[in-house]
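Have a look at the structure below before the remarks.
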Amino acid sequence: MEKQKSGRKQLGKNKRCHNVMLRFNDGEYEKLKSICESYHLNISERGTVSPLLRRLVLRDVVDEKDVLPNTSHLAYHLNKIGNNINQLVKLAHHKNLRNPNSNLEVEIQQTNKLLGKLIELAIKEQPQ
């Protein structure tokens, strides 16, 4: 029996392998910039223009409800929280502090409160 690989899921036929490069003159770029701003997207951020253009080309119409809010700031902080949790777990294992009698309820409640606040902030940042 072969051991299944871990890691990123294979895309198969959904993998994007065709590359299209676009160049814009000043007027065209300003028009693209205004379109991005109308969807609350920052054109200078990596990974924001391609999904918008893909939707415009493939669907002809982009509904405002389909545009996702910019979550890179939230994702950054969630990643930092995950790193901190990993460091704490590694330290606990290293110092052999993991036992059934340890009381971690207060720490778990504080973590849940902080995650709740992050979710509330993300909801407030979404365009109405």
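The values are calculated or read from the model by the stated rules, or taken from the named source; none is laboratory data. Since the structure is predicted, the reported quantities are computational estimates derived from the model, not experimental observations. Neighbour counts run over all protein chains shown; Cβ positions are idealised from the backbone, glycine included.
Summary table
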quantity	calculated
Failed condition for residue 82, given (1) of a type outside the set (A, V, I, L, M, F, W, C); (2) modelled with pLDDT of 85 or more; (3) surrounded by fewer than 10 Cβ atoms within 10 Å (Cβ to Cβ)	(3)
Test: residue in region 35-46 that is in a helix (DSSP H, G or I), closer than 30 Å to residue 125 by Cβ and touching a residue at least 12 places away in the same chain (Cβ under 8 Å)	yes
Test: residue in region 56-75 that is surrounded by 11 or more Cβ atoms within 10 Å (Cβ to Cβ), modelled with pLDDT under 80 and under 19 Å from residue 21 (Cβ atoms)	yes
Filter result for the condition that a residue is among the aliphatic types (A, V, I, L, M) and at pLDDT below 80, over 22, 88, 104	104
